[in-house]
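Every number in this text was worked out from the coordinates using simple rules, so none of it is lab data. Note that the structure is a prediction, hence the values are computed from the model and not measured. Cβ placement follows ideal geometry from the backbone for every residue including glycine, while neighbour counts extend to all protein chains displayed.
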Amino acid sequence: MIDFSVNGKPVDLDVDPSTPLLWVIRDHLGLTGTKYGCGMAQCGACTVHIDGEAVRSCVAPVSRASGKAVITIEGLSSDLSHALQHAWIEEDVPQCGYCQSGQLMSAAVLLREKPQPTDDDIDQAMTGNICRCGTYPRIRRAIHRAAGMVAKAGAR
Amino acid sequence: MSTRHISSDRINSGSVPSERVRREVKRRDFLKFSLAASGGLVIGFYFPGIGSEASAQESVNSFMPNAFVRIGTDERVTVIVNHSEMGQGVYTSLPMLLAEELDADWSKVGFESAPVDPKYNHPAFGMQMTGGSSSVWSGLEQFRQAGAAARAMLVAAAATRWNVDPASCRTESGAVFDSSSRKLSYGQLVADAAKLTPPAHVQLKDPKTFKLIGKPIKRLDTSMKLNGQAVFGLDVKLPGMMTAVVARPPIFGATVKSFDDSKARTMPGVRKIAQVPSGVAVIADTFWQAKVARGALRVEWDEGAMRGFSTTQMMQDFRERAKSPGVSVRKEGDAPTALANATKKIQAVYEAPYLSHLMMEPLSCVVDLRQDSCEVWTGSQFQTVDRANAAKIAGLPAEKVQLHTTFLGGGFGRRANPQSDFVVEAVFVAKAIGAPSKVKVVWTREDDMQGGWYRPAFLHSIEGGIDATGNVVSWRSRSVGQSIMAGTSFEAMMQGKPYDPASVEGIDDLPYSIPNIAVESHQVNIKVPVQWLRSVGHSHTAFAVESFIDELAAVAQKDPYQFRRDLLLKQPRYLGVLDLAAQKSGWSKPLPKGMGRGIAVHFAFGSYLAHVAEVSVTDGKIKVHRMVCAVDCGQYVNPGIIAAQIEGGAIFGASAALFQELTFEDGRLQQTNFHTFPVMRMNECPEIETYIVESNEKSGGIGEPGVPCAAPAIANALFAATGKRVRRMPFRLTEAV
């Protein structure tokens with residue numbers, strides 16, 4: 001049995017501990033917002049947070065989450081209220097949308113660690129997330145916009 | 001099986017047709033299009049309550065005046081979209097067209113994917129499909145007419161209620177008003193409107209009064225792509241559904257000789273292992289169990305005729321082939337003689353490799369097979385074909401097969417397969433389990449990349465001649481590569497020609513004023529499955545044509561922009577984008593040392609594009625800093641979506657130019673995943689600017705035309721920066737001369 005929490009809810013699963021966290025989240029827990037893209041930590045579509053750290057869940061065995069708190073795209077906010085979700089809407093970022101869960105989860109860690117990221121910071125944090133539709137310019141703008149929104153809210 | 005039985009509670013009205021729409025569509029023959037003698041569309045309508053089994057509640061709660069819109073008493077306007085949403089924005093741009101004529105309240109407008117039905121056939125192509133950058137131009141009339149017809153009926157209902165002349169009423173933001181400003185919302189008129197007779201003809205708006213069309217309206221599908229709610233094919237889950245992966249041949253054309261599943265079949269979760277025409281299917285409770293068990297499966301293959309196939313040898317053969325004349329595609333004047341008499345002559349050979357579509361979402365298909373019917377869920381671009389092929393394998397009439405189109409995690413042409421390979425295979429797997437059965441076939445990234453249906457490799461050999469005064473007098477090009485259409489059910493699109501138009505598109509319509517032109521084609525027969533990939537032939541012809549024009553400019557010692565201008569004086573729309581891109585890029589302004597600027601212009605899918613790229617090279621590594629794109633797609637609907645498509649197209653084209661190549665050795669594909677077939681990443685992405693030419697010309701496409709210019713603009717910029725010419729994609733400066 002493996003115990004951990006997903007989006008604040010306790011999970012208690014009887015599953016092969018070597019199963020990648022991605023497939024536990026998708027197939028066992030039915031949370032399909034986290035996507036499969038490559039299975040080898042090349043594309044970032046499967047990015048989730050484990051205890052606040054961005055992790056490629058396609059290569060992380062579920063045992064790695066044992067006793068920890070996992071946040072998926074469904075738990076980024078309950079009502080699209082995260083600054084990044086606002087900014088993504090304002091910049092009309094997604095095209096096909098398949099990679100965007102992973103993009104947002106990577107960007108969320110970046111923004112928490114660097115509330116005013118530079119372009120270099122964005123390059124560093126986001127280069128592991130591939131977008132085949134080519135939404136990179138909008139992702140960059142949206143991250144800057146979200147940073148501005150957070151700063152403004154903080155100043156109030 | 002209906003969508004409400006899908007166990008995931010995140011199926012929403014925006015992704016899979018609701019039970020109600022499906023029933024309505026099945027029962028009601030509500031719309032007939034026929035081309036009137038005038039050339040205008042005449043619409044026949046179905047009305048709830050006439051020859052319908054629809055429940056009273058349905059008639060009371062919603063009004064579905066035609067196949068494309070449903071209006072609810074809750075004021076919601078649902079636009080039923082007959083094209084697949086794969087990122088190009090059709091779930092927004094097509095609803096905009098309908099909502100414009102309906103005068104709907106945009107905040108109440110939603111979308112639904114259409115079920116498969118001839119009513120939803122592409123007006124130009126006669127089947128339900130998405131491709132050819134055609135959704136918006138082909139939907140312009142269809143969706144505007146549907147919205148205008150619905151509006152006319154709502155106005156008539158309100159006028160009757162008020163006992164006034166309909167002509168005295170106006171509509172705005174989801175409501176009808178009379179001359180004294182009495183108001184009835186569309187929701188309040190649903191029941192009355194549903195009883196009315198449809199108008200035979202409707203008046204469309206004067207474009208000057210448009211409120212939505214032409215504005216950068218935000219996409220309707222954004223929110224659900226930010227919280228995990230959007231349902232893609234891979235996300236579909238049915239109760240009791242099994243998941244399968246298939247061990248497919250390591251070489252195209254290889255077949256299963258024997259297999260040993262003694263270990264695999266004992267592994268956890270494995271339900272069945274069965275041979276299917278495409279290989280050996282491993283069927284388990286979950287994907288991971290199936291994948292692990294497949295690893296333990298031992299398959300012996302009859303390797304077949306492609307054993308030994310090598311792309312290195314193939315390109316060598318292409319080079320030889322290009323030395324002899326091909327089939328004539330276009331002939332003006334006498335190119336060989338003019339070439340012989342030219343003062344300066346150059347020849348260059350451009351090469352483009354096989355490419356994978358590499359959608360972010362690998363292929364998948366869910367099948368629910370019963371004795372007398374079948375349902376399929378997948379991200380399809382080819383609904384009519386996929387349903388027909390699924391029905392054939394299931395042994396059912398097409399109308400007994402329902403196909404549900406999910407969101408597509410990218411398509412780029414791969415999900416428009418003439419053989420419906422990924423759908424047919426899933427039906428075979430369901431049959432191997434035995435009806436009734438529910439199964440999802442999942443392709444890993446490696447399966448997807450190695451599964452074929454690539455952009456064919458091409459070689460273009462071009463010779464050009466310049467006279468003593470610097471004028472280009474001769475052009476002769478020979479294109480060598482596989483046909484996409486020959487031998488498929490789409491061979492008719494070749495119109496009996498001895499060459500595939502998709503092989504030479506973008507080179508056969510060379511726009512430059514050159515007096516002697518010969519365009520030739522060599523069609524080669526290689527058993528690598530090939531298919532259309534975003535911008536199809538243009539993805540390689542534009543690279544060859546626009547690189548060679550640059551080479552001619554260099555020989556003529558002219559500025560590449562001015563050189564093109566001089567040869568395009570009779571082509572105003574080419575000139576329009578060329579000038580705009582040059583001007584916005586600051587073409588004549590000097591760049592810092594080590595940087596270079598390149599330009600390219602091209603016409604594809606009804607639209608004109610020009611790109612200016614700025615590049616530098618550091619330690620042999622190419623960096624693209626900026627791309628300025630100008631587009632003339634005629635009358636446009638949503639400039640925000642156009643900009644997104646042009647940005648995405650530039651990145652798609654740049655990825656192919658800089659990184660991507662599929663190679664075969666000993667019949668085996670050498671690439672497996674993103675590490676061996678890279679895509680441009682955030683740190684490599686240039687700044688991209690898009691400028692749209694205001695135009696009253698007929699609408700053109702936008703999903704694909706942004707791709708072709710990227711490669712030649714970058715190649716030409718590299719020449720400007722380094723003096724070296726790259727002639728093979730992906731670009732390697734070590735090969736440049």
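At a Förster radius of 35 Å, what calculated FRET efficiency corresponds to the Cβ-Cβ distance of B:V327 and B:E446, to the nearest 0.05?
So, using R0 = 35 Å, E works out to roughly 0.40.
Would you please classify the overall shape of chain A from the alpha carbon gyration tensor, given that a ≥ b ≥ c denote the square roots of the eigenvalues, rounded means a/c under 1.5, and beyond that prolate means a/b larger than b/c while oblate covers the rest?
It is prolate, given that a/c is not under 1.5 and a/b is the larger ratio.
Pairs B:K195/B:K698; B:K392/B:K497; B:K570/B:K698; B:K331/B:K570; A:K114/B:K215; B:K205/B:K570: which are spaced more than 27 Å apart, C-alpha to C-alpha?
The answer is B:K195/B:K698; B:K392/B:K497; A:K114/B:K215; B:K205/B:K570.
Name the residue farthest towards the positive end of the dipole of the range B:474-518 from the options B:T488, B:S513, B:W475, assuming +1 on Cβ of Lys and Arg, -1 on Cβ of Asp and Glu, about the Cα centre.
My answer, from the dipole projection, is B:W475.
May I ask you to sort B:D302, B:D178 by Cβ crowding, counting other Cβ atoms within 10 Å and putting the fewest first?
Going from sparsest to densest Cβ surroundings: B:D302, B:D178.
Give a quick list of trypsin sites (Lys or Arg not before Pro) in the range B:574-648 that DSSP marks as loop, anything other than H, G, I, E or B, with at most 11 other Cβ atoms within 10 Å.
Hits after loop and neighbour filter: B:K593.
Through the Karplus equation 6.51 cos²θ - 1.76 cosθ + 1.60, θ set to phi - 60°, convert the phi angles of the range B:121-138 into ³J(HN,Hα) values in whole Hz; use x for Gly and Pro.
For the range B:121-138, the Karplus-derived couplings read 4, 4, x, 8, 9, x, 8, 7, 6, 10, x, x, 6, 10, 4, 6, 5, 7 Hz, x marking Gly and Pro.
Could you tell me the relative contact order of the range A:1-147? Use alpha-carbon pairs under 8 Å, at least six residues apart, and round to a whole percent.
Taking the mean separation of contacting Cα pairs over the length of the range A:1-147, I get 25 percent.
Please find the FRET efficiency linking B:A305 to B:V164, where r is the Cβ-Cβ separation and R0 is fixed at 60 Å, and quote it to the nearest 0.05.
According to the calculation, E is roughly 0.20.
With +1 on each Lys and Arg Cβ and -1 on each Asp and Glu Cβ, and nothing else charged, work out how big the dipole of the range A:18-132 is about its Cα centre, in Debye to the nearest 20.
So the magnitude is around 560 debye.
Give the shape of chain B as rounded, prolate or oblate, defined through the alpha-carbon gyration tensor: a ≥ b ≥ c are the square roots of its eigenvalues, a/c under 1.5 means rounded, and otherwise the shape is prolate if a/b is larger than b/c and oblate if not.
Oblate.
Select from B:F412, B:P277, B:A553 the residue farthest towards the positive end of the dipole of chain B; place +1 on Cβ of Lys and Arg, -1 on Cβ of Asp and Glu, and compute about the Cα centre.
B:P277
Once you sort the root eigenvalues of the Cα gyration tensor of the range B:262-418 as a ≥ b ≥ c, which label holds: rounded (a/c under 1.5), prolate (a/b larger than b/c) or oblate (the other case)?
Here the range B:262-418 falls in the prolate category.
Would you mind counting up the charge near A:S81? Only other residues with Cβ under 14 Å from its Cβ, with Lys and Arg at +1 and Asp and Glu at -1.
-3
What is the dipole size for the protein assembly as shown, taken about its Cα centre, with +1 at each Lys and Arg Cβ and -1 at each Asp and Glu Cβ, in debye to the nearest 20?
80 debye
If each DSSP helix of 4+ residues adds -39,500 (n - 2.57) and the sum is divided by the residues in chain A, what number results at 222 nm, nearest 500 deg cm²/dmol?
Theoretical 222 nm ellipticity from helices: -10000 deg cm²/dmol.
Using the crude model of +1 on Lys and Arg Cβ and -1 on Asp and Glu Cβ, and no other charge, please compute the dipole size for the range B:508-663 relative to its Cα centre, in debye to 20.
Here the range B:508-663 has a charge dipole of around 380 debye.
Could you list, in their original order, any pairs among A:K152/B:K211; B:K400/B:K431; B:K237/B:K438 whose Cα atoms are separated by more than 21 Å?
A:K152/B:K211
Please list the non-local residues whose amide H lies under 5 Å from the amide H of B:H122, H modeled 1.01 Å from N, same-chain partners needing a gap of 5 or more.
For B:H122, whose amide H was placed from the backbone, the distant partners under 5 Å are B:M127, B:Q128, B:M129.
For the range B:75-86, just list the computed ³J(HN,Hα) in residue order, Karplus coefficients 6.51, -1.76 and 1.60, θ = phi - 60°, integers in Hz, with x standing in for Gly and Pro.
With coefficients 6.51, -1.76 and 1.60, one gets 6, 6, 10, 9, 9, 8, 9, 8, 10, 7, 8, 10 Hz.
Amide H to amide H under 5 Å from B:R271: which residues, 5+ apart in sequence or cross-chain, H placed 1.01 Å off N in plane?
The list, which skips near neighbours in sequence, is B:I283, B:A284, B:D285.
Pull up all non-local amide H partners of B:V524: gap of 5 or more, or a different chain, and H-to-H distance under 5 Å with H placed in the peptide plane.
B:G481, B:Q482, B:S483
How much length is gained if the chain between B:E320 and B:E491 is pulled fully straight, taking 0.36 nm per residue apart and subtracting their Cα-Cα distance, in nm to one decimal?
So the chain would gain 58.9 nm between B:E320 and B:E491.
Report relative contact order for chain B in percent, whole number only (criteria: Cα-Cα under 8 Å, sequence separation at least 6).
So the answer I get is 13 percent.
Add -39500 (n - 2.57) for each DSSP H run of 4 or more in chain B, then divide by its residues: what number comes out at 222 nm, to the nearest 500 deg cm²/dmol?
-8500 deg cm²/dmol
Projecting each Cα onto the charge dipole of the range B:305-433 (Lys/Arg +1, Asp/Glu -1 at the beta carbon, about the Cα centre), which of B:T384, B:V366, B:T312 comes out farthest on the positive side?
Highest projection toward the positive end goes to B:T312.
Nearest 0.05, what FRET efficiency do B:Q203 and B:F125 give at R0 = 30 Å with Cβ-Cβ as r?
After rounding to 0.05, the efficiency reads 0.60.
Which ³J(HN,Hα) values in Hz, rounded to whole numbers, follow from the phi angles of the range B:174-183 under the Karplus curve 6.51 cos²θ - 1.76 cosθ + 1.60, where θ = phi - 60° and Gly and Pro get x?
After applying 6.51 cos²θ - 1.76 cosθ + 1.60, I find x, 8, 9, 10, 9, 5, 9, 6, 5, 10 Hz.
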